[in-house]
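Taking it in order: structure first as structure tokens, then the write-up.
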Amino acid sequence: MRERKRIARLLLTDVTVTRTSHTITAHARLAGGQHRTLTLPVPEPAWKIRQAKAATINEIDKLLDHHTSAEIAAILQARGLANGEGRPYNLTMVQRVIRTYQLFPATQDVHDGDVRGGHVDPGIPGIWRRVGGHGGGDLVTVSRRGEQLAAVSVAGPVAGMAVPGTGGR
């Protein structure tokens, strides 16, 4: 290492580095009067490099309709798909992608007997979520595009509804 620095001091007289929004340019004056210019593109931010690829997100979205998160991780590993860092997907990574990109199964029906104090049409597909406090509030469903499809006022817990943080999808 020491020798490299010594050689650099002997060869380089001056180096000027400038950065624009798209490029990094280094102007180097060498001993003996020569000069060189090196222009490089600005590297992508680390978060963007590590971000899940669009094809993988679409694949997880399709698989979510018929598989659990653990099964999706196994399928992605079998297909050789890796995350932005090049590591194979595991359960935690798949759950993070689902949560980050708000991916939902295509359909999840709540039947009439599952809701106390309201009527839900089982023909309306979507994810049913409670809006309001734990003791009551509204039960709403949204389409995959985030559009509200239906809302029902309910009191108390709803049978068959997943509770966040208990291992459901």
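Only residues that are aliphatic (A, V, I, L, M) and either modelled with pLDDT under 90 or touching a helix residue (DSSP H, G or I) at 6+ places or on another chain (Cβ under 9 Å) (or both): list them for segment 75-110, please.
Correct list: ILE75, LEU76, LEU81, ALA82, LEU91, MET93, VAL94, VAL97, ILE98, LEU103, ALA106, VAL110.
Counting only residues that are part of a helix (DSSP H, G or I) and of a type outside the set (A, V, I, L, M, F, W, C), how many does segment 1-20 have?
6
Going through segment 60-71 one residue at a time, which ones are part of a helix (DSSP H, G or I) and over 11 Å from LEU103 (Cα atoms)?
Correct list: SER69, ALA70, GLU71.
Let me spell it out: the conditions are (1) outside the structural domain of ALA82 (by TED's automatic domain parsing); (2) at pLDDT 90 or above; (3) not hydrophobic (A, V, I, L, M, F, W, C), and GLY32 meets all of them except one. Which number is the exception?
Going through (1) outside the structural domain of ALA82 (by TED's automatic domain parsing); (2) at pLDDT 90 or above; (3) not hydrophobic (A, V, I, L, M, F, W, C) one by one, GLY32 breaks only (2).
Could you please find all residues in segment 21-48 being part of a loop (DSSP other than H, G, I, E, B) and in contact (Cβ under 8 Å) with a residue 12 or more places away in the chain?
SER21, HIS22, ALA31, VAL42
Considering only segment 39-50, I want to know if a residue exists there that is at pLDDT 95 or above and farther than 28 Å from ASN83 by Cβ.
Yes, because at least one residue in segment 39-50 is at pLDDT 95 or above and farther than 28 Å from ASN83 by Cβ.
The values are calculated or read from the model by the stated rules, or taken from the named source; none is laboratory data. Remember, predicted model here, so these are calculated numbers, not experimental data. Backbone-built Cβ (ideal geometry, glycine too); neighbour counts: all protein chains shown.
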